[in-house]
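The values are calculated or read from the model by the stated rules, or taken from the named source; none is laboratory data. These numbers come from a predicted model, not from an experiment. All Cβ positions, even for glycine, are placed from backbone atoms using ideal geometry, and neighbour counts span all protein chains on display. Protein only, heavy atoms only, side chains kept; ligands, DNA and RNA dropped before computing areas. Shrake-Rupley method; radii C 1.70, N 1.55, O 1.52, S 1.80 Å.
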Amino acid sequence: MIIGKAPDMRYSEVTPKKDFLNRRSFLTTGLAAGAALAAGGGLLSMGSFSEAQAALAGEKLAGVRNNKYVTDEKLTPFDDIKQYNNFYEFGTAKDDPAVHAKNFQTRPWTIEVGGEIANPKTYDTDEIMKLAPLEERIYRLRCVEAWSMVVPWIGFPLNAVIRKAEPNSKAKYVAFETYYDPKQMPLGRSAGIQLPYVEGLRLDEAMHPLALLSFGIYGEVLPNQNGAPLRLVVPWKYGFKSIKSIIKISFVEKEPPTTWNISAPREYGFYSNVNPKVNHPRWSQAKERRIGNFFRRDTLMFNGYPEVASMYSGMDMKKNY
Amino acid sequence: MFRTILYSRWAKATVFLACLIPGLLLVRRLITGDLGPNPVETLTHGTGDWTIYFILITLSITPLRKILKQPALIRFRKMLGLFAFCYGVLHFSVYMVFDHFFDFSAIVADVIERPYITAGFLGFVLMIPLAITSTKGMIRRLGGKRWQRLHRLIYASATAGVVHYYWLVKSDITVPLRLAAILAALLLIRAGFWMRERQNNVAARPTDKRSEAAAT
């Protein structure tokens, strides 16, 4: 007894298992796009969104490109972004983090948001990712060591987290802390800097729309060596201000300590704005080498983001380096 | 046995080829595009590292030949020293071409303003007279004693090289400290030899003791 007809479909038309298993990432793409359009994310089903974000390095993560933050400069190849890192917890050589962060556990992960705010809360990565729609933003990254990259980040403005936290009148600065576990980061002991890594911004800097909380690069979840699962990106400051693998964000009254400033106060200031006119005591900051180029190019004031200048009007940039 | 190898015709050629290897490996990586995301940095560090390594290897010849009682090792010293200089030339060339593209005023400003470059430049410049006077003819013209005194500049050059390295790293001073320790050991061994020689001389010629005491 034959019921019905054999399906008119060849095996080659069956969705490959890989794509089938990746349908979550497809969901993310669609949802993130939707989220960007809905500009609130309230329309989204929470379940599928968090499921979509239970992703590890290498999995897809998409954001709608924010055309306010693009550049016609050539993007740095993803391989270079993944192979050339300063992440001293995983070794001080540029190619160390790619090797030694391979098995870094980024899940489960919590981010404690506290201090002088109305709504202290400990988020997990999925929750904090829901605070705003993901965007792709192409930023220049200028390292204090005078090299630079162009990176297509995925994330949303840090101010989304700050608005949710509702800082009180005492909150003048935001302090950040990187996860530190000597068991997972044995090379941290010989890094020559005090760990856990800490960084900070003035509240108005942290509120600036350019300051990005990033979860991905090139449409993928952040590689571990680039600061998974979430990091800060402050494109007008030297790269070390863009703290990686954040576990704590606190709102404080006084200027918080910052790792490189503790290590060498004369060399690395709290502000560390990219400034071709203020040299590092040991080397010039007038030029930089773009990764992929042989010759150096001029470094731009605020790394080419003049819109931040008003935050520093009247400030002596030589004194507040 | 060991001595026969050291004196063999092929020993020098073998060492010569071995000294070329680090440079050739860099050239191969350059050709195959395998110098990593920052090729200029890789070339700068690669040539700089080998400059210091060769200086230290050159400085280890005298202690080794005395401790191992292998005077034949001296045959390789000049070549090793010249390789140190060659890698130094490459190191400086990469800096001159890719960091400043022959902008000599910028290089001069760099040398004056940046202590780590001052140290590196000093280490390099101090090697120049040593390379020039490395020939047999020059040794004869200068006379052994004067030549030897001139070539003690290598101690200053090596120190400048290690300081150059120490001053340029951001926080991980492990490698420069390791190099500094090796250099210190090589210099201390020399101080030991020198003290013993002096004692032996004093013991051999007791009359000198008085004149020396009078001099000091």
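If you place +1 on the Cβ of every Lys and Arg and -1 on the Cβ of every Asp and Glu, how big does the dipole about the Cα centre of the protein assembly as shown come out, in debye to the nearest 20? All intermediate terms of the calculation are to be shown ahead of the outcome.
Values: 69 positive and 45 negative charges, 706 e Å.
Charge dipole, the protein assembly as shown, about its Cα centre: 3380 debye, nearest 20.
Based on the alpha-carbon gyration tensor of segment A:189-255 and its eigenvalue square roots a ≥ b ≥ c, which shape applies: rounded if a/c is under 1.5, prolate if not and a/b is larger than b/c, or oblate? Mind showing how you got there, number by number?
On the way: a/c = 1.84, a/b = 1.08, b/c = 1.70.
Judged from the Cα gyration tensor, segment A:189-255 comes out oblate (a/c at least 1.5, b/c at or above a/b).
For chain B, modelled as a GNM with alpha-carbon contacts under 10 angstrom, which of B:184, B:84, B:13 fluctuates the most?
Among B:184, B:84, B:13, the largest mean-square fluctuation in the Gaussian network model of chain B belongs to B:13.
In whole angstrom, and with the biggest value first, how far do the Cα coordinates of segment B:112-214 range along each principal axis?
Extents along the principal axes: 55, 34, 24 Å.
Could you run the numbers on buried accessible area between A and B, total for both chains, 1.4 angstrom probe, in Å² to the nearest 100? Don't skip to the end; give the middle numbers.
Numbers: alone 15960 and 14000 Å², together 27980 Å².
Answer for the A-B pair: about 2000 Å² buried.
Roughly how big is segment B:58-134's charge dipole about its Cα centre, with Cβ charges of +1 (Lys, Arg) and -1 (Asp, Glu), in debye to the nearest 20? It would help to have the intermediate numbers written out before the result.
Working: 7 positive and 4 negative charges, 180 e Å.
Approximately 860 debye in magnitude.
Given A:152, B:192, A:66, which one lies farthest toward the positive end of the charge dipole of the protein assembly as shown, if we put +1 on the Cβ of every Lys and Arg and -1 on the Cβ of every Asp and Glu?
Positive-end residue among those listed: B:192.
Any of A:60/A:82; A:241/B:170; A:82/A:244; A:68/A:287; A:60/A:248 with alpha carbons more than 23 Å apart? Name them for me.
Working: A:60/A:82 16 Å; A:241/B:170 15 Å; A:82/A:244 14 Å; A:68/A:287 26 Å; A:60/A:248 25 Å.
Long pairs (Cα-Cα over 23 Å): A:68/A:287; A:60/A:248.
Which one, B:38, B:25, B:57, is farthest towards the positive end of the dipole of segment B:20-176 when Lys and Arg carry +1 and Asp and Glu -1 on their Cβ?
With unit charges placed on the Cβ atoms, the residue in question is B:57.
Starting from the Kirkwood radius over alpha-carbon pairs of segment B:2-54, derive D by Stokes-Einstein at 10 °C in a medium of 1.306 mPa s and give it in µm² s⁻¹. Could you put the intermediate results ahead of the total?
Values: Rh = 12.7 Å.
The diffusion coefficient I find is 125 µm²/s.
Express the accessible area of segment A:57-131 per residue in Å², computed with a 1.4 Å probe while the remaining protein chains stay in the model.
With all protein chains present, segment A:57-131 gives 51 Å² per residue.
For residue A:67, put the label point 7 Å out on the Cα→Cβ axis and report which residues of segment A:124-158 keep their amide N under 17 Å from it.
From segment A:124-158, the list is A:135-138.
Grab the eigenvalues of the alpha-carbon gyration tensor for segment A:64-104, scale each by 5, take roots, and send me the semi-axes largest first in whole angstrom.
Details: eigenvalues 149, 25, 16 Å².
In descending order, the three semi-axes are 27, 11, 9 Å.
Leaving ligands, DNA and RNA out of it, report the carbon-plus-sulfur percent of the accessible area of segment B:48-197 at a 1.4 Å probe.
Values: 5710 of 7980 Å².
Exposed carbon and sulfur together represent 71 percent of the surface.
Please pull out the direction-averaged projected area of chain B, using the convex hull of its alpha-carbon atoms, in nm² to one decimal place.
16.5
Can you pull the three principal axis extents for the Cα set of segment A:227-321, in Å, largest first?
Principal extents (Cα only, largest first): 40, 35, 29 Å.
Quick one: plug the Kirkwood hydrodynamic radius of segment B:39-145 (C-alpha pairs) into Stokes-Einstein at 25 °C, 0.890 mPa s, and report D in µm²/s.
Working: Rh = 15.4 Å.
Here the translational diffusion coefficient equals 160 µm²/s.
If I take all pairs of Cα atoms in segment A:104-163, what percentage of them are more than 12 Å from each other?
Working: 1340 of 1770 pairs.
That fraction is 76 percent.
With unit charges on the beta carbon (Lys/Arg positive, Asp/Glu negative), name the residue among B:67, B:98, B:124 whose Cα is farthest towards the positive pole of the charge dipole of segment B:43-136.
Highest projection toward the positive end goes to B:67.
Between helix B:174-204 and chain B, what is the angle of the helix's C-alpha long axis to the longest principal axis, kept within 0 to 90° and rounded to the nearest 10?
The answer is roughly 20 degrees.
Nearest 20 debye, what's the magnitude of the dipole of chain B about its Cα centre given +1 on Lys and Arg Cβ and -1 on Asp and Glu Cβ?
Numbers: 27 positive and 11 negative charges, 364 e Å.
Rounded to the nearest 20 debye, it is 1740 debye.
State the percent of C-alpha pairs, over all pairs in segment B:1-100, separated by a distance greater than 15 angstrom.
Working: 3256 of 4950 pairs.
Every Cα pair in segment B:1-100 considered, those over 15 Å come to 66 percent.
Can you spot the lysines whose alpha carbon is less than 17 Å from residue A:170's alpha carbon? Ignore those fewer than 8 places along the same chain.
Residue A:170 reaches A:254.
Roughly how much of residue A:121 is accessible, in Å² to the nearest 10, using a 1.4 Å probe?
Accessible surface of residue A:121 is approximately 80 Å².
With a/c under 1.5 counting as rounded, go ahead and sort segment A:163-321 into rounded, prolate or oblate using the C-alpha gyration tensor (a ≥ b ≥ c being the square roots of the eigenvalues; past the cut-off, prolate if a/b is larger than b/c, else oblate).
Numbers: a/c = 1.34, a/b = 1.09, b/c = 1.23.
Rounded shape, in that the Cα axes give a/c under 1.5.
Using a 7 Å offset from Cα along Cα-Cβ at residue A:263, what residues in segment A:141-169 end up with backbone N under 14 Å from the label point?
It comes to A:143-146, nothing else.
Report, in whole Å, the centroid distance computed from the Cα atoms of segment B:20-61 and segment A:94-111.
30
Quick check: at a probe of 1.4 Å, how many percent of the accessible area of segment A:75-191 sits on carbon and sulfur atoms?
Values: 2190 of 4600 Å².
Result for segment A:75-191: 48 percent of the exposed heavy-atom area is carbon or sulfur.
Using Cα centres only, tell me the gap between segment B:70-129 and segment A:246-321 in whole Å.
So the separation of the two Cα centres works out to 31 Å.
Using a 1.4 angstrom probe on the protein heavy atoms only, line up B:19, B:86 by accessible area, largest first. Spell out each step's value before the answer.
Working: B:19 5, B:86 65 Å².
The ranking, largest first, comes out as B:86, B:19.
Be a star and scan segment A:71-99 for residues whose amide nitrogen sits under 12 Å from the point 7 Å along the Cα-to-Cβ vector of residue A:297.
So the set is A:71-76.
Using only protein heavy atoms and a 1.4 Å probe, report how much of residue B:142 is accessible, in Å² to the nearest 10.
That residue has around 50 Å² of solvent-accessible surface.
Treating segment A:226-283 as a set of equal point scatterers at the Cα positions, no solvent, please give the Debye-formula log₁₀ I(q)/I(0) at q = 0.23, 0.26 Å⁻¹.
With no solvent term, the Cα-only Debye profile gives -1.09, -1.23.
Under Stokes-Einstein, with the Kirkwood radius over Cα pairs standing in for Rh, what whole-number D in µm²/s applies to segment A:107-256 at 4 °C and 1.567 mPa s? Can you show the working numbers first?
Working: Rh = 15.6 Å.
It comes out at roughly 83 µm²/s.
With N residues in segment A:266-321, what two-decimal value do you get for its Cα radius of gyration over 2.2 N^0.38 Å? Could the numbers behind the result be given before it?
On the way: Rg = 12.1 Å, N = 56, 2.2 N^0.38 = 10.2 Å.
That ratio works out to 1.20.
If I ignore ligands, DNA and RNA and count only protein heavy atoms, how much of residue A:92 is accessible to a 1.4 Å probe, in Å² to the nearest 10?
40
Note down the nm distance, to one decimal, between modelled labels 7 Å out along Cα→Cβ at residue A:172 and at residue B:93.
Taking the simple label geometry, residue A:172 and residue B:93 are separated by 5.6 nm.
Short version: what are the Cα gyration tensor semi-axes of the protein assembly as shown, square root of 5 times each eigenvalue, largest first, in whole Å?
Numbers: eigenvalues 636, 168, 91 Å².
Whole-Å semi-axes of the equivalent ellipsoid: 56, 29, 21.
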